[in-house]
1. Taking segment 89-117, which residues are aliphatic (A, V, I, L, M), under 22 Å from residue 39 (Cα atoms) and in contact (Cβ under 8 Å) with a residue 60 or more places away in the chain?
2. Search segment 97-110 for residues being among the aliphatic types (A, V, I, L, M) and in contact with an Asp or Glu (Cβ under 8 Å, 6 or more places away or on another chain), and hand back the single one that is nearest to residue 7 (Cα to Cα).
3. In segment 29-44, which residue that is in contact (Cβ under 8 Å) with a residue 60 or more places away in the chain and in contact with a strand residue (DSSP E or B) (Cβ under 8 Å, 6 or more places away or on another chain) is nearest to residue 132 (Cα to Cα)?
4. Tell me which residues, restricted to segment 47-65, are farther than 18 Å from residue 97 by Cβ and among the β-branched types (Val, Ile, Thr).
5. Within segment 66-89, which residues are hydroxyl-bearing (Ser, Thr, Tyr) and under 22 Å from residue 30 (Cβ atoms)?
6. For segment 3-28, give me each residue that is free of Cβ contacts under 8 Å to residues at least 24 places away in the same chain and either among the hydrophobic types (A, V, I, L, M, F, W, C) or not in a helix (DSSP H, G or I) (or both).
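Bear in mind that the values in this text are calculations on the coordinates, not laboratory data. The structure presented is a predicted model; accordingly, all values stated were derived computationally and were not measured. Here the Cβ positions follow ideal geometry from the backbone for every residue, glycine too, while neighbour counts run over all protein chains shown.
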Amino acid sequence: MVPSDDELRRVLSGARTVAVVGLSDKPERDSNEVALYLKRQGYRIVPVNPALPSVLGERSFASLASIPADLRVDLAVIFRRSDAVPGIVDEAIARGIPAVWMQLGVRNPEAAARARARGLFVAEDLCSMATHRRLHLPPVG
């Protein structure tokens, strides 16, 4: 199920805090480029990578579940292999994150269906940065 441009616009315009699951500290990696773009667009970035203490000047967390409960997360952007998605989706559901976005090449139909059944917005195999640019969305804030 491919979200409509209106749905994509609503999610990207409504989000303020984005957890980037699998965020790398290597500038040449897609996750770093996309997260830096989103940060420059005014989103608060919350890195999720158990191997790193911080990325892009932000404290990193081992998982979505380990992000403090008082930190609201509006969107989880996933840069992990497709077989890792079910556990990430389960954490997003448990934490009350309203939207999950699987980046290019990342798909898991079963996890996506489970998330949608729980009322979450789901995008699969889609670049959030390219979508933000294509929709000509202004910076948040």
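1. 97, 99, 104, listed by residue number.
2. Step by step, filter segment 97-110, then rank; the result is 99.
3. 38
4. 55
5. 82
6. 4, 26, 27, 28
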